[in-house]
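Engineer: Sharing a structure, written as structure tokens. Questions coming.
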Amino acid sequence: MKGDPKLIETLNSLLADELTAINQYMVHSEMCDNWGYEKLHKHFEKRAIDEMKHAEKLIGRILFLEGLPIVTNLRKIFIGADVPKQLENDRKAEEDAIKAYNDAIVLAGEVKDFATREVLESILKDEDRHIDEIEELQDQINQMSIQIFLTTQVKE
């Protein structure tokens, strides 16, 4: 099925965002592992895997619409030097993703591609969950201080 060229372009832009997020989260995950924060390591790793699944869905949809997935484009990656900065950078990335998905959902509706809109809406729900999880961690840091928070993130 030949898809709308503007929508395919938008899907490729979202794909670039997801591929960037995968890299950012994997680096943050490995940094936390290196620091001994096992729970944060697993948290970031799981989020990277979620983003991989999003990229897979986008690639599948682009191919279905007879487009060519572009997997060589990455955005600027923002690596945090410490946990609070990592969470701040990740929150910004998720905020940008939520805006981009909302815009893409509107476009999919305008071109009457409701199946693509449904795929985008399912990814958006995950992105909403991601930002909620980030805000939860940031709230914990604010309430208990970074030092106490980090003691809760080590191996048990």
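The values are calculated or read from the model by the stated rules, or taken from the named source; none is laboratory data. Predicted model only: the values in this text are computed from it and were never measured. FYI the Cβ positions are ideal-geometry reconstructions off the backbone, even for glycines, and counts take in every protein chain you see. Accessible surface is based on the protein model in full, side chains and every heavy atom, while ligands, DNA and RNA are left aside. Shrake-Rupley method; radii C 1.70, N 1.55, O 1.52, S 1.80 Å.
Engineer: Using beta carbons and a limit of 8 Å, which pairs, at least six apart or on different chains, have the first residue in the stretch 123-141 and without any contact (Cβ under 8 Å) to a residue 40 or more places away in the chain and buried (at least 17 other Cβ atoms within 10 Å of the Cβ) and the second one β-branched (Val, Ile, Thr) and not in a helix (DSSP H, G or I)?
Structural biologist: As it stands, the answer is none, since no pair meets every condition given.
Engineer: Something else about it: Which one is nearest to Lys53 (Cα to Cα), of the residues in the stretch 93-102 that are surrounded by 13 or more Cβ atoms within 10 Å (Cβ to Cβ) and without any contact (Cβ under 8 Å) to a residue 40 or more places away in the chain?
Structural biologist: Restricting attention to the stretch 93-102, the residues satisfying the condition of being surrounded by 13 or more Cβ atoms within 10 Å (Cβ to Cβ) are 93-98, 100-102.
Next cut, without any contact (Cβ under 8 Å) to a residue 40 or more places away in the chain only: 95, 98, 102.
Numbers: Glu95: 19, Ile98: 16, Asn102: 19 Å.
Only one residue fits best here, namely Ile98.
Engineer: Checking the structure you have, find out if any residue of the stretch 58-66 is of a type in the set (Gly, Ala, Ser) and farther than 20 Å from Leu150 by Cβ.
Structural biologist: From the stretch 58-66, those of a type in the set (Gly, Ala, Ser) are 60; that's our starting set.
Then drop every residue that is not farther than 20 Å from Leu150 by Cβ, which leaves 60.
Yes: one or more hits.
Engineer: Which condition from (1) touching a residue at least 60 places away in the same chain (Cβ under 8 Å); (2) at negative phi is the one that Glu66 breaks?
Structural biologist: Only one criterion in (1) touching a residue at least 60 places away in the same chain (Cβ under 8 Å); (2) at negative phi is unmet by Glu66, namely (2).
Engineer: Does any residue of the stretch 130-142 turn out to be out of contact with any helix residue (DSSP H, G or I) (no Cβ under 8 Å at 6 or more places or on another chain) and within 24 Å of Lys53 (Cα to Cα)? Break it down into steps so the answer makes sense when it comes.
Structural biologist: The initial filter retains those residues of the stretch 130-142 that are out of contact with any helix residue (DSSP H, G or I) (no Cβ under 8 Å at 6 or more places or on another chain), namely 132, 136, 139, 142.
In the following step, the residues that additionally are within 24 Å of Lys53 (Cα to Cα) were identified as 132, 136.
Yes, because at least one residue in the stretch 130-142 is out of contact with any helix residue (DSSP H, G or I) (no Cβ under 8 Å at 6 or more places or on another chain) and within 24 Å of Lys53 (Cα to Cα).
Engineer: May I pose another question? Restricting attention to the stretch 14-39, report how many residues are over 19 Å from Gln153 (Cβ atoms) and open to solvent by 50 Å² or more (accessible area, probe 1.4 Å). I'd like the intermediate steps shown before the answer.
Structural biologist: Pass one, the stretch 14-39, residues over 19 Å from Gln153 (Cβ atoms): 14-23.
Going one step further and asking which of them are open to solvent by 50 Å² or more (accessible area, probe 1.4 Å), we end up with 23.
The qualifying residues number 1.
Engineer: Out of Ile70, Ile148, I need the residue that is more than 15 Å from the chain's Cα centre (by Cα), over 21 Å from Asn23 (Cα atoms) and not hydroxyl-bearing (Ser, Thr, Tyr). Which one?
Structural biologist: Details: Ile70 fails: over 21 Å from Asn23 (Cα atoms).
Of Ile70, Ile148, the one residue that is more than 15 Å from the chain's Cα centre (by Cα), over 21 Å from Asn23 (Cα atoms) and not hydroxyl-bearing (Ser, Thr, Tyr) is Ile148.
Engineer: Here's something else I'd like to know. Quick check on this structure: which one of Asp113, Asp82 is surrounded by fewer than 13 Cβ atoms within 10 Å (Cβ to Cβ) and either touching a His at 6+ places or on another chain (Cβ under 6 Å) or more than 20 Å from Leu19 (Cβ to Cβ) (or both)? So that I can check it myself, show each step before the final result.
Structural biologist: Working: Asp113 fails: surrounded by fewer than 13 Cβ atoms within 10 Å (Cβ to Cβ).
Every option except Asp82 fails the conditions.
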